[in-house]
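Note sheet for the following structure.
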Amino acid sequence: GLRGAVWLVSDRQVFPHYAPALIERLHTAGYAVQGYAVPAGETSKDLTVAAQLYDWLIGNGVERRDVVLALGGGVVGDLAGFVAATVLRGVALVHLPTTLLAMVDSAIGGKTGVNHPLGKNLIGAFHQPRLVLADPATLATLPLRELCAGWAEVIKHAVIRDAGLFTHLESIADPASLSGETLAAIIRRAVRVKIDIVNADERETGERMLLNYGHTLGHAIEAACGYGDLLHGEAVAIGMHLEAQIAGRLGMVDRAFVERQARLLHIWGLSTDLPPGLSVDDLIARTLRDKKVRGGKVRWALPAGIGTATVRDDVPESLVRAVLAEA
C-alpha cells in the first residue's frame with residue numbers, strides 16, 4: 001500500500017553490499033528512490049546526523065505519503081526510524097535489518113531514537129514500521145564480532161520468556177556453523193518472543209520492560225566506555241551477567257543459573273567481563289538517568305529462572321554497588 005517516494009537510509013558499510021540492487025528493483029517496480037549513507041557505527045545515532053537527514057529529506061521534497069526505508073543494523077534502524085517518526089510529523093517506515101541484533105530485536109516493536117552524551121536512546125519516539133523484512137542471507141557479510149553481539153539479544157529473549165530456546169541454544173555444539181533453515185528457525189523463535197511481548201505492551205508500561213534485561217547496566221557500560229568502543233550486544237551480555245548476580249543476591253535465582261547463563265554467553269562468543277577503568281559511581285549515576293526510572297527508583301528487569309523474569313523497583317543501590325565493585 002505504499003505508493004510514495006522511497007528514501008533509502010543505510011550506512012557506508014552496508015550500502016555497497018545491498019543498496020544498488022535494491023534501488024534497481026524499486027525503480028523497476030515504479031518507485032522514485034533516493035539513497036543516503038551515514039557513517040557506520042554507534043556515533044551516527046546523534047542529533048547532528050539526524051539533522052543531516054532532515055536537510056536531505058526536506059531539501060529534496062519529502063512528502064507525507066513517502067516512506068523511509070532503513071537498510072542496515074540497529075544504528076541505522078533507530079536513526080532512520082526516529083527521523084521517519086518526526087519529519088513532517090511522521091512518514092511511513094520500513095525496516096530491512098541486515099544484522100542479527102536488528103532482526104531479532106531493534107527492528108521489532110517501534111522504538112526509535114538517538115543517543116545523548118548522558119545516556120543511550122534518551123531522545124526518541126515510538127513509531128511502528130509498516131513492514132519488517134529480515135533476510136538471513138545478509139548475515140553472510142556480517143563480521144563475526146557483530147554476529148556474536150546479536151546472539152546476546154537472542155539469549156536474552158530465551159532467558160526472559162523461552163526456556164526451550166535456551167536449551168536449544170545450549171545443544172548447538174558449533175554456533176559458527178549455523179546457516180540456512182536452522183539459523184532462520186532460531187531467528188523466528190527469538191522474534192516471536194519480542195512480538196508477543198510488544199503486542200501485549202506496546203508503550204512499555206509493564207511487561208515490555210522485561211525486554212530490558214541486561215540493558216540497565218548494559219546501557220550504562222556502553223555510554224561510560226564511549227559509544228562505539230563496545231558493541232550494543234557486547235554491553236548487554238555484560239549487563240545480563242551483572243544483573244543475574246543482582247537477582248542472585250535478591251534470592252531470585254541460584255548460583256547455578258548465573259553460571260549456566262554465563263557459560264551460554266561464552267559459547268556464543270560473548271564476554272561477561274566488565275571493562276577495566278570504569279567508575280562504580282559513574283555507572284550508578286547513569287542507571288538513574290535510565291528511561292525506566294520512576295520516582296527516582298530504577299526499575300530492573302531481572303530473571304527468576306530460565307524462561308521467566310520480572311520487574312523490580314526495590315533493588316537497594318548498595319546491592320548494585322556491591323555487584324559492580326566485585327566485578
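The values are calculated or read from the model by the stated rules, or taken from the named source; none is laboratory data. Nothing here was measured: the structure is a model prediction, and the numbers come from that model. Counting neighbours? That spans all protein chains shown, and the Cβs are built from the backbone with ideal geometry, glycine included.
Inspect the range 22-29 for any residue being part of a loop (DSSP other than H, G, I, E, B), without any contact (Cβ under 8 Å) to a residue 40 or more places away in the chain and under 22 Å from residue 123 (Cα atoms) and give the result as yes or no. Break it down into steps so the answer makes sense when it comes.
Narrowing the range 22-29 to residues part of a loop (DSSP other than H, G, I, E, B): 29.
When the remaining residues are screened for being without any contact (Cβ under 8 Å) to a residue 40 or more places away in the chain, the result is 29.
Restricting the remaining residues to those that are under 22 Å from residue 123 (Cα atoms) gives none.
No; the residues of the range 22-29 include none that is part of a loop (DSSP other than H, G, I, E, B), without any contact (Cβ under 8 Å) to a residue 40 or more places away in the chain and under 22 Å from residue 123 (Cα atoms).
Could you list all residues from the range 276-309 that are touching a helix residue (DSSP H, G or I) at 6+ places or on another chain (Cβ under 6 Å) and of a type in the set (A, V, I, L, M)?
Listed by number, the residues that qualify are 278, 280, 283, 298, 301, 302, 306, 309.
Which residue pairs have Cβ atoms closer than 7 Å, lie 6 or more positions apart in sequence or on different chains, and pair a first residue in the range 143-161 that is in contact (Cβ under 8 Å) with a residue 24 or more places away in the chain with a second residue that is among the basic types (Lys, Arg) and surrounded by fewer than 23 Cβ atoms within 10 Å (Cβ to Cβ)?
Every condition considered, the pairs that remain are 157/194.
If I filter the range 48-68 for residues that are part of a strand (DSSP E or B) and surrounded by 16 or more Cβ atoms within 10 Å (Cβ to Cβ), do I get at least one hit? Walk me through how you get there before you give the answer.
Taking the range 48-68 as the starting set, the residues that turn out to be part of a strand (DSSP E or B) are 67-68.
From what is left, the residues that are surrounded by 16 or more Cβ atoms within 10 Å (Cβ to Cβ) are 67-68.
Yes, some residue in the range 48-68 is part of a strand (DSSP E or B) and surrounded by 16 or more Cβ atoms within 10 Å (Cβ to Cβ).
From the list 310, 216, 272, which one is part of a loop (DSSP other than H, G, I, E, B) and either under 20 Å from the mean Cα position of the chain (by Cα) or modelled with pLDDT of 95 or more (or both)? Can you show your working first?
Details: 310 fails: part of a loop (DSSP other than H, G, I, E, B); 216 fails: part of a loop (DSSP other than H, G, I, E, B).
The match here is 272.
When you go through 87, 132, 94 one by one, which is the residue that is of a type outside the set (Phe, Trp, Tyr) and in contact with a helix residue (DSSP H, G or I) (Cβ under 8 Å, 6 or more places away or on another chain)? It would help to see each step written out before you state the result.
Values: 132 fails: in contact with a helix residue (DSSP H, G or I) (Cβ under 8 Å, 6 or more places away or on another chain); 94 fails: in contact with a helix residue (DSSP H, G or I) (Cβ under 8 Å, 6 or more places away or on another chain).
Exactly one residue qualifies, and that residue is 87.
Looking at the structure I just gave you, is residue 42 among the charged types (D, E, K, R), in contact with a Phe, Trp or Tyr (Cβ under 7 Å, 6 or more places away or on another chain) and in contact (Cβ under 8 Å) with a residue 40 or more places away in the chain?
Values: among the charged types (D, E, K, R): yes; in contact with a Phe, Trp or Tyr (Cβ under 7 Å, 6 or more places away or on another chain): yes; in contact (Cβ under 8 Å) with a residue 40 or more places away in the chain: yes.
Spelling it out, residue 42 is indeed among the charged types (D, E, K, R), in contact with a Phe, Trp or Tyr (Cβ under 7 Å, 6 or more places away or on another chain) and in contact (Cβ under 8 Å) with a residue 40 or more places away in the chain.
Quick check on the range 177-199. Is at least one of its residues touching a Phe, Trp or Tyr at 6+ places or on another chain (Cβ under 9 Å), farther than 18 Å from residue 106 by Cβ and at pLDDT 95 or above?
Taking the range 177-199 and keeping what is touching a Phe, Trp or Tyr at 6+ places or on another chain (Cβ under 9 Å), we get none.
The answer is no, given that none of the residues of the range 177-199 is touching a Phe, Trp or Tyr at 6+ places or on another chain (Cβ under 9 Å), farther than 18 Å from residue 106 by Cβ and at pLDDT 95 or above.
If I ask for residues that are surrounded by fewer than 15 Cβ atoms within 10 Å (Cβ to Cβ) and not in a loop (DSSP other than H, G, I, E, B), which ones from the range 32-47 would you list? Show your work before the answer.
As a first pass, look at the range 32-47 and keep what is surrounded by fewer than 15 Cβ atoms within 10 Å (Cβ to Cβ): 32, 39, 47.
Correct list: 47 only.
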